[in-house]
Amino acid sequence: MIHQKLRMGMIGGGTGSFIGSVHRIAVNMDGLAELVAGAFSSKPEVSAETGAALFLAKSRVYDSYQQMLKAEAALPEETRIHFVSIVTPNFAHFEPAMMAMDNGFDVVIEKPVTFSLVEAIALKEKSIATNTTLLLCHTYTGYPMVKQARALVKSGVLGAIRKVYVEYPQGWLSTLVEETGNVQAAWRTDPSKSGKAGCMGDIGTHAFNLAEYVSGLTVSAICAQINTVVPGRLLDDDGEALLRFEQGATGVLFATQVAAGEENNVRIRLYGDKGGLEWMQADANSLLVKWPDKPTAIYRTGAGYNDAMASHNTRVPAGHPEGYLEAFANLYRNFILTIRAKRNHQQPAEAWLDFPGIDEGIRGMAFIDYMIASGKSDTKWIKFLG
């Protein structure tokens, strides 16, 4: 039985990494797990520097993920890590995740889940074969008001869903910053590291996941336009798609990294035959619920009228802002509670199981494939088989 903090190892996330720091803050927020080991960079000196800055034991800071996973698996059960967090560029997701699962470690992984759809399917097969659990970090599903929106749709108060609009505008790639020494831009715009998509893989997958999560619907066909706006860029930096859902609704998805002046205001609007709703990250504590015959209602994080799932993922009393880091921590908490229950041979609570995993990862990789294929095709409408 596990009655102490779970132990995490990190792959990637070395000095200068944005997302590595976010993961470390998120996993520390609830005190349920702690970072004890890491292979933080493909450069041993950077890994050592990062481990020292995080006050880790030198013996638990490794030169490579292969070395870490092999060494950790050989440690006594009461000492070795329980799960790994993979925060590397896209091309370096699959092999570490496969090796981690082969050694019995559960996995947290950044999106998109792998470099290709084939790899994502293989990763699911490995997860089943090894009875391991995977958390895919689609952060926006961790917000309390996103969960409240999902609950309202599921309850039927908005009626049959007709339209879904989801958008993710950024402006940080409005110029060719990948040629100015910006490491984050460089790998995201490099096909050998990012894959076949740039913007659509990086933020389009977030928009797609949010649309399916909140609506409870599954996309069945895509008609896309993919653009590379900045001259000299090797991958898409802008695009949009018309969506058809299996249940009859239609929608529009828009993602861009060249909207100068925009930051990260993810936004979703959804309309049924009885009412609609709207949520945006810029005002993450508010959910607008719109009615044709009465005033718009504003649901607020922390209020007693919210659904149980929203309340489970709310951390502070009403009126105190909760944001990106708390949403990220919600994913980690639910994942950690789930894998601890499994390791103790207990059934995880329903609320704990509410985090994106390998199935969402496969659909995200299919989304990338079909967006790029539709964008290049004269036929345009492509059946979604994800």
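Summary table below
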quantity	calculated
Listed residues THR301, GLY198, PRO89: farthest to the positive end of the dipole of the chain (Cβ charges)	THR301
Centre separation in Å (Cα based) which lies between the range 331-352 and the range 194-246	31
Three semi-axes of the equivalent ellipsoid, the range 6-137, Cα gyration tensor, whole Å, largest first	21, 16, 14
Mean ellipticity per residue at 222 nm, deg cm²/dmol - from DSSP H runs of n ≥ 4 across the chain, formula -39500 (n - 2.57)	-10000 deg cm²/dmol
Residue order, fewest to most surrounding Cβ atoms within 10 angstrom, among HIS138, HIS312	HIS312, HIS138
Set of the range 12-43 residues, backbone N closer than 20 Å to the point 7 Å along the Cα-Cβ line of SER59	34-40
Set of aspartates and glutamates near LYS43 by C-alpha distance (under 16 Å), chain-local residues within fewer than 8 positions excluded	ASP63
Degrees separating the helix 44-53 axis from the principal Cα axis of the chain, which is the longest one	80
Sequence-distant lysines (8 or more away, or on other chains) whose Cα lies within less than 17 Å of LYS163	LYS154, LYS274, LYS290
Ranking of VAL230, VAL118 by count of other Cβ atoms within 10 Å, fewest first	VAL118, VAL230
The range 46-117: C-alpha gyration tensor shape, a/c 1.5 cut-off, then a/b vs b/c	oblate
Length released on extending from LYS5 to ASP283, taking residue separation times 0.36 nm less the Cα-Cα span	96.7 nm
Chain lengthening between ALA318 and LEU75 when straightened (0.36 nm per residue, less Cα-Cα)	83.0 nm
Percent antiparallel among DSSP beta bridges (both partners in the chain, rounded to 5)	55
Cα centroid separation, the range 1-80 to the range 267-311 (Å)	39
Distance (nanometres) between label positions extended 7 Å along Cα→Cβ at ASN264 and GLU49	2.4
Loop-resident sites, the range 1-89, for trypsin sites (Lys or Arg not before Pro), counting at most 16 other Cβ within 10 Å (DSSP)	LYS5
Helix 18-28 vs. the chain, principal-axis angle (Cα, 0 to 90°, nearest 10)	80
Computed label-point distance, nm, for sites LYS196 and SER155 using a 7 Å Cα→Cβ extension	4.2
Length-normalised contact order for the range 6-137 - Cα pairs under 8 Å, 6+ apart - percent	22
Rounded to whole Å, sorted largest first: equivalent-ellipsoid semi-axes of the chain, Cα gyration tensor	33, 26, 19
Cβ charges +1 (Lys, Arg) and -1 (Asp, Glu), total dipole of the chain, debye	740
Members of LYS196/LYS342; LYS5/LYS126; LYS111/LYS376 lying beyond 29 Å, as alpha-carbon distances in this model show	LYS196/LYS342
Angle in degrees between helix 358-376 and the longest Cα principal axis of the chain, rounded to the nearest 10	60
Order of HIS82, HIS320, HIS345, HIS93 under a 10 Å beta carbon neighbour criterion, fewest first	HIS345, HIS320, HIS82, HIS93
Estimated FRET transfer efficiency when R0 is 30 angstrom, pair THR296-THR218 (beta carbons, to 0.05)	0.60
About the Cα centre, charge dipole magnitude for the range 6-137 (Lys/Arg +1, Asp/Glu -1 at Cβ), debye	100
Environment charge at ALA52 (Cβ cut-off 13 Å; Lys +1, Arg +1, Asp -1, Glu -1)	0
Normalised contact order of the chain, rounded percent, pairs of Cα under 8 Å and 6 or more residues apart	19
Net charge contributed by nearby residues that have their C-beta within less than 12 Å of ALA120 (K/R +1, D/E -1)	-1
For LEU32, net neighbour charge (Lys/Arg +1, Asp/Glu -1) across residues whose Cβ lies under 15 Å away	+4
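Computed from the coordinates by the stated procedures, all read-outs in this text should not be read as laboratory data. It should be emphasised that the depicted structure is a prediction, and the values quoted were computed from it without experimental measurement. No Cβ is skipped: glycine too gets one built from the backbone with ideal geometry, and neighbour counts run over all protein chains shown.
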